[in-house]
Every structure is written in structure tokens, then in C-alpha cells.
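In what follows, a structure is listed as C-alpha cells, so that the remarks can point back to it.
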Amino acid sequence: MQGLKRFYYNVPFSDELVLEGEVFNHLKNVLRCSAGEEIILYNDVNIARYRIDSLNKRRISAHFIEEKKQINPDYMLHVYLAVMKNRYMDNIIHKLGEIGITKLIPVYTENSTATVNNNTYLRYNDLLIKGALQAELDFLPALEKTVEIHQINTECNTNLLFAARRAEIKIPVVTSKSVSLFLGPEGGFAEKEIKFLSEKGFSIVSPLSSVLKAETAAVVFTGMVKILMENASV
């Protein structure tokens with residue numbers, strides 16, 4: 001199934017499938033697909049390969065070729081992301097999906113500069129999934145509802161809080177396949193937040209001597225941890 005165009009289409013897969021809405025528009029008007037081309041579709045459980053039979057002005061008909069269940073990854077990579085302005089959040093979330101995080105939890109902090117309503121949440125979920133599809137992952141990451149920072153209870157064995165110039169400058173040691181990260185926000189963390197997260201078991205790390213913008217740090221540090229996890233000995 002490698003190399004084929006991938007889309008999230010959350011319906012039960014059947015022998016014959018009608019594609020409408022955003023997926024139809026993208027296939028027909030953006031990619032200009034034609035009959036005979038194959039595509040990959042994801043629902044919340046499975047991944048299936050379909051071949052396009054016909055296209056008209058309103059829908060695409062396709063028939064089923066093969067299917068497999070989404071594969072649970074052999075790691076947990078949870079990201080607690082401080083809520084920022086949408087122009088930053090949208091790019092970060094797409095990239096986190098592409099990197100291969102398994103769960104995203106947006107968090108309100110003292111320096112958060114936006115709010116997450118239902119439409120925002122749906123957009124976040126769409127971006128996270130599109131990032132995972134871009135990377136051709138065999139699973140879809142989960143998006144949790146937004147929480148206040150004092151509501152955090154991590155599920156992972158290793159918990160890292162990235163904060164500029166708060167600790168010795170060094171790359172963190174990651175020997176676990178179960179890691180959570182806390183990233184952001186613009187303007188940094190308040191002292192009481194640092195204290196609270198430390199008490200919750202987060203280790204403060206500062207991999208760089210320079211201060212990165214919040215949206216840059218989120219992608220750089222998550223990618224770094226994912227690489228370290230893939231090379232972990234356990």
C-alpha cells in the first residue's frame with residue numbers, strides 16, 4: 001500500500017463505496033484522479049485499498065481490493081501542547097501527526113493565547129490525521145479534549161518538560177518506549193507551572209543553549225525524542 005494517495009473516510013468499508021464531500025473534491029478537483037487509479041482509505045479501525053471505477057460531478061465510485069486493521073504502535077508518545085495562536089497550532093499539529101505521536105493533549109497554561117472551541121477541536125483532529133496520512137503511518141493518533149494544566153495526569157514512564165535555559169544543556173537520555181512531552185507556550189512557563197509539573201514527575205530538559213520560538217521548539221524537540229525512542233534499547 002506504499003506510495004498511494006491516502007484519505008480519512010470514516011465509514012464502514014464495503015465492496016462498493018461512494019466517495020463524496022471533501023475526499024471527492026480533493027480527488028477530482030485537486031488531484032484530478034481518473035478511473036483505474038488506486039487510493040488508500042482509513043476509518044477509525046481499518047485501512048483499505050480501493051480502485052476508482054467512475055467519476056461524475058458529484059461523487060466517485062470505487063471498489064474494494066484489500067483491507068487490514070490499523071496497527072497499534074510499539075511505543076507511546078504523548079504530547080501535551082500548550083494552546084497557542086491558531087496560526088502556530090495548525091502547523092505544529094500537522095507536523096506532530098507526521099512525526100508519529102500517538103496522542104495529543106492540548107493544554108491551557110497561564111500564557112496560552114487562544115481558546116479551543118468545538119470547531120477548533122475538529123480542525124485540530126483533521127490536521128493531526130492528515131499529518132499521519134502524509135507519513136503513511138499504519139495508525140491514527142488520538143486527540144484528547146483540552147485540559148487545564150492542573151488536570152494533567154501522565155500515563156507514560158518517562159515525562160519530559162522542555163523549557164529553555166532551565167536545566168543543564170544536554171540531550172535527554174531516552175531508554176523507554178513510553179514517553180510524554182510538555183511543549184510550549186509562547187512566553188514560556190510560569191514558575192508555579194514549572195513547580196507543579198516537576199511534582200507530577202516531569203524532568204526539565206534544555207537541549208539547546210538558544211531560545212527557539214514555541215512553534216519551532218515543538219516540532220524540533222518532538223522529532224528529536226521520536227528518533228531517540230526509535231533507537232532506545234528497550
**Report entry** Conditions (1) part of a helix (DSSP H, G or I); (2) under 21 Å from N111 (Cα atoms); (3) open to solvent by 20 Å² or more (accessible area, probe 1.4 Å); number of the one not met by L197
**Finding:** (3)
Report summary line: Residue pairs qualifying under the 6 Å Cβ cut-off, at least six apart or on distinct chains, with the first in region 131-159 being closer than 26 Å to S198 by Cβ and the second being assigned to a loop (DSSP other than H, G, I, E, B) and open to solvent by 20 Å² or more (accessible area, probe 1.4 Å), are T146/V116; N159/G201
Report task. Inspect region 146-165 for any residue being part of a loop (DSSP other than H, G, I, E, B), farther than 16 Å from I92 by Cα, among the small types (G, A, S) and open to solvent by 60 Å² or more (accessible area, probe 1.4 Å) and give the result as yes or no. Result -> no
**Report entry** Residue list for region 1-54, restricted to those being small (G, A, S) and out of contact with any strand residue (DSSP E or B) (no Cβ under 9 Å at 6 or more places or on another chain)
**Finding:** G3, G21
Query raised in the report: Out of all the residues in region 139-184, which are over 13 Å from the mean Cα position of the chain (by Cα) and charged (D, E, K, R)?
Result: K145, E148, E155, R165, R166, E168, K170, K177
Report task. Being within 18 Å of the chain's Cα centre (by Cα) and modelled with pLDDT under 95 is the filter here, so list the residues in region 46-72 that pass it. Result -> I71, N72
Query - Evaluation of F196 against (1) closer than 23 Å to M89 by Cβ; (2) modelled with pLDDT of 95 or more (one fails), failing number - result: (2)
Query - Tally, over region 208-228, of residues that are touching a Lys or Arg at 6+ places or on another chain (Cβ under 9 Å), assigned to a helix (DSSP H, G or I) and either surrounded by 18 or more Cβ atoms within 10 Å (Cβ to Cβ) or modelled with pLDDT under 90 (or both) - result: 4
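Taking the residues in region 107-132 that are more than 10 Å from the chain's Cα centre (by Cα) and part of a helix (DSSP H, G or I) as candidates, determine which candidate is nearest to H94 (Cα to Cα). Walk me through how you get there before you give the answer.
Just the residues of region 107-132 that are more than 10 Å from the chain's Cα centre (by Cα), to begin with: 107-123.
Applying the additional criterion that residues be part of a helix (DSSP H, G or I) yields 118-123.
Numbers: N118: 18, N119: 16, T120: 14, Y121: 13, L122: 13, R123: 10 Å.
Within region 107-132, the match that is nearest to H94 (Cα to Cα) is R123.
Give region 1-60 a look and list any residue that's β-branched (V, I, T) and touching a Lys or Arg at 6+ places or on another chain (Cβ under 6 Å), or say none.
Applying the first criterion (β-branched (V, I, T)) to region 1-60 yields 11, 18, 23, 30, 39-40, 45, 47, 52, 60.
Scanning region 1-60 gives V18, I39, I40, I47.
The values are calculated or read from the model by the stated rules, or taken from the named source; none is laboratory data. This structure is a prediction, so every number in the text was calculated from the model and none was measured. So basically every Cβ, Gly included, is an ideal-geometry build from the backbone, and we count neighbours across all protein chains shown. Ligands, DNA and RNA are excluded from the accessible area calculation, which covers all protein heavy atoms including side chains. Shrake-Rupley method; radii C 1.70, N 1.55, O 1.52, S 1.80 Å.
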